[in-house]
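Peer 1: For reference, the structure I am asking about is given below.
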Amino acid sequence: MASESFSRRARIIAAAAGIGLGLSVTATILTYRWEISRQQSQFQQQIENLTTALQRSLNRYTSVLLFLVDYYTVNQGQFERQDFDEFAARSLVDYPGIQALEWAPLVKLSDRTAYEQSIQAQGHSAFQITELGSNSRLVRARDRPFYVPVTYIAPFIGNEDAFGFDINSSPARVAAIEPARDSGEIQATGRIRLVQEKRNQYGFLMLLPRYQTSTLPDSVAARRSQFDGVLIGVFRLSDVVEEALQGLSFDIDFELYDQAAKAEESYLGSYDAATGSVVVISDRRTAPPAEQTHLCPGPTSCSRTLTLGQRQWQGIFSPAADYGLSPPYATWAMLFTGLS
């Protein structure tokens, strides 16, 4: 009888222990999931902060061209080099990510000689309209129906190679000139190697078309016939990104891709959180698959879209090597408490 009572108590104790262990395991699993969810939410919020800072910066730099066109309109479509330099100088102080501001008018082949001579008479005796030759060196531009040469550029120092460069000679730039001309809207180029670039990095241009009339012509045909040239913002990708993220210290790396470009030309650069700088990975050609970690559980959960002119960039974010993932203290505490 005593042995039967002992056996019954043992079964009750074992059942209670089993229930307690089950509850502890369940509580531990729920706590672990809560901590993972908390870390995911924190990482996603940091990504949103980075994306907001980048988009705000792109918007600011787009606005520079709008300010410049207001200046152009007030001056009734006429620019003097000194006035242009003074306006640009003020903008360069407020927008350190700008490589240069430029004015490139439309010049017909029949007007080329007179145009070049007028610039030479201003003290630039060697001036001519140029293009990139087969060896990627600047050469005299070949005859074509018209040119869109960089005529005013500020700051001039450091950008001398762009002076006189015919942006109509570059397919990447033409791909932005034509839709800008036809729409009257700001257009961004894909990635380009700036003619004044000395480092291994990409740049991009934003172009705003101007016309012979003070208002936007009401048809594509009229815009083409009255097209007068483009105002240009020249940017190095690293300048824009690094300036945008000053003051943010998240240990998050990301890569940028141009969604409008061909796959082999879509890669723009990689941001390294450890150095706070943008680098170009020479063998990167297409976007890598999103890293499947508990912080990025889905293929698009760590991807964001940025708008630039009429183009869209894709940012793919990932935790840096020293990203501060906190240990699951609450999870272990719950497990030990349940087992004690």
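Read-outs: derived from the displayed coordinates by stated rules, not from any lab. Just so you know, these numbers come straight off a predicted model, no measurement behind them. No Cβ is skipped: glycine too gets one built from the backbone with ideal geometry, and neighbour counts run over all protein chains shown.
Peer 1: List the trypsin sites (Lys or Arg not before Pro) within region 180-213 that fall in a DSSP loop (any state other than H, G, I, E or B) and whose Cβ has at most 11 other Cβ atoms within 10 Å.
Peer 2: K198, R199
Peer 1: Can you pull out the GluC sites (Glu not before Pro) in region 171-260 whose DSSP state is coil and whose Cβ has at most 16 other Cβ atoms within 10 Å?
Peer 2: Answer by residue number: E185, E197.
Peer 1: Using r as the Cβ-Cβ distance of T300 and A121, and R0 as 45 Å, what FRET efficiency do you calculate, to the nearest 0.05?
Peer 2: So, using R0 = 45 Å, E works out to roughly 0.20.
Peer 1: How far, in nm, would the chain grow between S110 and Q82 when pulled straight, counting 0.36 nm per residue and subtracting the alpha carbon separation?
Peer 2: Here the answer is 7.4 nm.
Peer 1: What is the Cα centroid distance between region 137-157 and region 242-275, reported in whole angstrom?
Peer 2: 30 Å
Peer 1: Okay, moving on. List the relative contact order of region 68-207 as a percent without decimals, with contacts defined as Cα pairs under 8 Å and 6+ residues apart.
Peer 2: 19 percent
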